[in-house]
Amino acid sequence: MLNTNRKKLLEVDGLKQYFNKGQKTEVRAVDDISFYIEEGETFGLVGESGCGKSTTGRSIIRLYTPTAGRILFDGEDIARIRSRAEILRFRRDAQMIFQDPYASLNPRMKVKDIVAEGIDLHDPAKNARERDERVYRMLELVGLDESHADRYPHEFSGGQRQRIGIARALALKPRFIVCDEPISALDVSIQAQVVNLLQDLQKSQNLTYLFIAHDLSMVKFISDRIGVMYYGKLVEVGPSEEIYNYGVHPYTESLLSAIPLPDPEYERSRKRIAYIPQPPGADAKLRAVAPGHFVYCTEAEATAYQEKRNKRVCS
Amino acid sequence: MAVATILNVRDLHVSFDTFAGKVRALRGVAFDLHKGETLAIVGESGSGKSVTGRSIMRLLAPTANIERGSVLFKGADLLKSGEKRMQAIRGREISMIFQDPMTSLDPTMTIGNQIMESYRKHMRASKGAARARALELLDIVGIPDAKRRFSHYPHQFSGGQRQRIVIAIALICDPEILIADEPTTALDVTIQAQILNLMKDIQKKVSTSIIFVTHDLGVVANVADRVAVMYAGRIVEVGRTDEIFYSPRHPYTWGLLCSMPTLYETGERLYAIPGTPPNMLHPPAGDAFHLRNPYAMGIDAKEAPPLFQISETHYAATWLLDPRSPAAEPPEVIQKKRRSLC
Ligand SMILES: Nc1ncnc2c1ncn2[C@@H]1O[C@H](COP(=O)(O)OP(=O)(O)OP(=O)(O)O)[C@@H](O)[C@H]1O
Ligand SMILES: Nc1ncnc2c1ncn2[C@@H]1O[C@H](COP(=O)(O)OP(=O)(O)OP(=O)(O)O)[C@@H](O)[C@H]1O
Ligand SMILES: [Mg+2]
Ligand SMILES: [Mg+2]
């Protein structure tokens, strides 16, 4: 359901995020990527472990100062704001559900205070009772309950911690959420519950998501468009069905061929396509191979990709 | 052919003392692990999978109480073994990949030293030999440029890289039993496939028995010989992988299989099991699943079902299997899926 005249809520343009810049240990975690997310849209980001997905998300909500590039959020360049007050104001609108739930929860705080942190900061409750009520409501939305509110993070299972992180992010009622592996530690039924919740909130409040995940079946299910990253670069981007069915970049193909399916017979006979990394050509950039579908390649490669894609559509 | 058993877990009950009361995390977990097999444990978040693994390793929080049960390994009950014996076992005979890689890595120690540590301790290897072995494993688990990154600290790695370092540490001494708690959740599918193959190779080579905890049913279908399904501190169904996927018998297993996104078109609403997970401070009486079970009968609220045997290898704890119960069919989605496979 791509709506062509929605406004772009987020526009990332030429974003670079280097660590230890200029030193021997320099890591080019994100190396010149550009994409946009429309308001009310879910953009899925997938790619090899270590390719820079979390770094992209963290740069966007300004946990880092970008090395280069622009991050336009609702028209304002977030990459350039410096003061803490401005960053805090931005975070009312933009939140992140972190990949590592344990590391991102303060071990000395009770769950109810963790979830209420944002409420206290941005939209304080009138009294303790109202605060508790709001926290309980958030906990119930993610499949936890009142009895969990007075416990500490280490007293929870992995998936329960992940849901505390989700409740905390949602409590703030942001407009945009970076969901970094938000459901990987949950069983499929609770995954379904959380995904249904994210989609309901999206419909009712027009929320926008950057959804980072490894589970391609889920990414395809939840995303309007998907971006595929490899080694700090965005190598393919397009509508989710299009990428899932007609992804043509060799790395995308290897990813798609490795999705484990819940079917033992199929798994016994599956064939994987290995990806042998090739250095990109000099004039490589994102080029269209179909409407809205772009591949990082040279001009000559683009023609070949186009043919490959069209042949697959016809077969 | 008789199967050799390497580990027997019997009637394991574990609780935690908390501010709000006793959390009854395990309420009679029992299973056998066969030599050289991969047993997957799946189940609801909070159902006790990690606590089961940690109990075997005797690495529970100080607030935990092992109330009952036994864990037999090589003729001895690990629950009664002294700490000294456990230290010799951990990392050598039985090793565990913990669910949260960041908490099992020491943030103040370089990853090189962390990987070499257990090898030097258990194998009495020299520093040089340990370094060579550590670099070899880092290479195998796919950390590029391992030599240069040997002196980096955990926070300098991505989520999936940390997870692979933890995997390297667990495998370095070729353990007899590997307890892998969500070892590949932070990995993309291609690296995940590499790691799964690596585990299978090691298993073939040294006949490791693996307990594989995961939520990813695709991974289960790929690696498991048998599957155990947990709910509210108990194993409610166990069987060969084909039995669990193609003829599941417990209504919780049905609910789980119905929730898989592969069964739905974009824009549809995913099925989720109704209700919320049970509060383990006060686990429901009878069959703990009865409040959320559309197939529940009167007896479910009163009495916990025994494990009914379905085949030589397949068991499920649900009153639906009692001969006196009316016949119950699994949900349409699962049946359709089964038909589409024929
Ligand atoms: N603080 C840091 N210092 C140095 N290098 C870093 C730092 N944080 C991340 N990196 C490196 O940057 C690269 C990208 O990391 P990032 O966490 O963004 O990957 P990712 O795509 O999220 O991977 P995963 O799927 O494993 O979580 C990796 O090579 C990582 O080692
Ligand atoms: N230290 C602790 N103190 C109190 N309760 C605990 C503690 N550790 C675990 N629990 C509780 O024990 C139960 C089982 O937890 P466990 O970590 O084994 O779940 P799990 O099946 O591994 O779940 P997940 O899939 O979410 O990782 C949960 O209800 C959890 O809240
Ligand atoms: Mg990450
Ligand atoms: Mg766990």
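The values are calculated or read from the model by the stated rules, or taken from the named source; none is laboratory data. Treat the numbers as computed from the prediction; the structure is a model and nothing was measured. Cβ coordinates were reconstructed from backbone atoms using ideal geometry, including for glycine residues, and neighbour counts include every protein chain displayed. SASA here: full protein model, heavy atoms, side chains in, ligands and nucleic acids out. Shrake-Rupley method; radii C 1.70, N 1.55, O 1.52, S 1.80 Å.
Taking every pair of Cα atoms in chain A, average 1/r, invert it to obtain the Kirkwood radius, and report Rg/Rh to two decimals. The partial results should precede the final answer.
Numbers: Rg = 20.4 Å, Rh = 20.8 Å.
Result: Rg/Rh = 0.98.
Provide, for q = 0.07 Å⁻¹, the log10 of I(q)/I(0) from a solvent-free Debye sum over equal Cα point scatterers in region B:5-224.
Debye intensities relative to I(0), on a log10 scale: -0.21.
Considering every Cα-Cα pair within region A:149-282, what fraction, in whole percent, is farther apart than 28 Å? Please list the in-between numbers first.
Numbers: 2626 of 8911 pairs.
I get 29 percent for the Cα pairs in region A:149-282 exceeding 28 Å.
What part of the accessible area of chain A, given as a whole %, is carbon or sulfur when the probe is 1.4 angstrom? Write down the numbers at each step before the final one.
Working: 6660 of 13620 Å².
That share works out to 49 percent.
Computed from the mean reciprocal separation of all distinct C-alpha pairs, what Kirkwood hydrodynamic radius does region B:231-341 have, in Å?
On the way: mean 1/r = 0.0670 Å⁻¹.
When all Cα pairs of region B:231-341 are included, the Kirkwood radius is 14.9 Å.
Hey, what's the Cα Rg ratio for the protein assembly as shown versus the globular rule of thumb, 2.2 N^0.38 Å? Before the final figure, lay out the partial values.
Values: Rg = 24.7 Å, N = 657, 2.2 N^0.38 = 25.9 Å.
Its radius of gyration relative to the 2.2 N^0.38 Å reference: 0.95.
May I ask what percent, to the nearest 5, of DSSP beta bridges between residues of the protein assembly as shown are antiparallel? Numbers along the way, then the final one.
Details: 60 of 97 bridges.
Taking every DSSP beta bridge with both residues in the protein assembly as shown, the antiparallel ones total about 60 percent.
Ranked highest first by the average count of other Cβ atoms within 10 Å around their residues, in what order do A:218-225, B:191-198, B:317-324 fall?
Listed from highest to lowest mean packing, they are A:218-225, B:191-198, B:317-324.
Residue by residue, what Karplus-based ³J(HN,Hα) values in Hz, rounded to whole numbers, does region B:304-314 have, using 6.51, -1.76 and 1.60 with θ = phi - 60° and x for Gly and Pro?
Per residue, the Karplus-derived 3J(HN,Hα) values read 6, x, x, 7, 8, 8, 10, 9, 4, 10, 10 Hz.
For the charge dipole of chain B, defined by +1 on Lys and Arg C-beta atoms and -1 on Asp and Glu C-beta atoms about the Cα centroid, which residue among B:Asn222, B:His290, B:Pro62 has the Cα displaced farthest towards the positive pole?
B:Pro62
About the Cα centre of chain A, how large is the charge dipole given +1 on each Lys and Arg Cβ and -1 on each Asp and Glu Cβ? Please answer in debye to the nearest 20. Don't skip to the end; give the middle numbers.
Details: 45 positive and 44 negative charges, 125 e Å.
Approximately 600 debye in magnitude.
Using the charge dipole of the protein assembly as shown (Lys, Arg: +1 at Cβ; Asp, Glu: -1 at Cβ; taken about the Cα centre), state which of A:Leu261, B:Thr241, B:Gly91 has its Cα farthest towards the positive end.
After comparing all options, I get B:Gly91.
Which value, in square angstrom to the nearest 100, describes the accessible area buried between chains A and B on both sides, using a 1.4 angstrom probe?
The A and B chains share an interface burying roughly 4700 Å².
Explain nothing, just the number: relative contact order of chain B, from Cα pairs under 8 Å at least 6 residues apart, as a whole percent. If you can, show how the numbers build up before the last one.
Values: 589 pairs, mean separation 65.3, N = 342.
Dividing the mean separation by the residue count of chain B yields 19 percent.
With point charges of +1 on the Cβ of Lys and Arg and -1 on the Cβ of Asp and Glu, referenced to the Cα centre of chain B, which listed residue (B:Thr5, B:Thr318, B:Thr262) lies farthest in the positive direction of the dipole?
Checking the options against the dipole of chain B, the answer is B:Thr5.
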